[in-house]
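Notes to accompany the following structure.
The values are calculated or read from the model by the stated rules, or taken from the named source; none is laboratory data. If you're wondering where the values come from, they're calculated on a predicted model, not measured in any experiment. Please note that ligands, DNA and RNA were not included when accessible areas were found on the heavy atoms of the full protein model with its side chains. Shrake-Rupley method; radii C 1.70, N 1.55, O 1.52, S 1.80 Å.
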Amino acid sequence: MPTYEYVCEKCHKEFEVFQSMKDPRLTDCQDAACGGHVKRKLGTGAGIIFKGSGFYTTDYRSDSYKKSASADSASSTPAAAPAAAAATPAPAAAAPSTSSSGGSAAST
């Protein structure tokens with residue numbers, strides 16, 4: 001349920017009322033001594049924030065969150081490199097090479 005803002009035309013008192021959209025507008029000031037007519041002020045509404053899989057996840061992040069996220073990703077990248085190197089098999093032993101002159105590799 002929205003909160004509506006009202007202002008009294010007689011005493012200029014401003015107040016907010018939490019009421020359903022189906023409820024009728026207020027017409028009389030809440031101050032019993034005043035009894036003046038009130039007008040509902042135009043509200044600006046609330047800001048819209050889109051969240052979900054279809055939007056950028058970093059659009060509404062704070063600066064402190066971005067700094068810690070970049071520090072986490074930087075610290076996790078070097079840790080992944082040794083694990084990747086250990087998973088890669090070492091190359092097989094190289095076969096003895098022959099020279100282009102047709103000699104054997106054992107000759108000096």
With the checklist (1) of a type outside the set (Gly, Ala, Ser); (2) at pLDDT below 90; (3) in a loop (DSSP other than H, G, I, E, B) in hand, flag the one item Asp23 doesn't pass. (2)
Can you tell me which residue is nearest to the chain's Cα centre (by Cα) among those in segment 1-42 that are open to solvent by 60 Å² or more (accessible area, probe 1.4 Å) and of a type in the set (S, T, N, Q)? Thr3
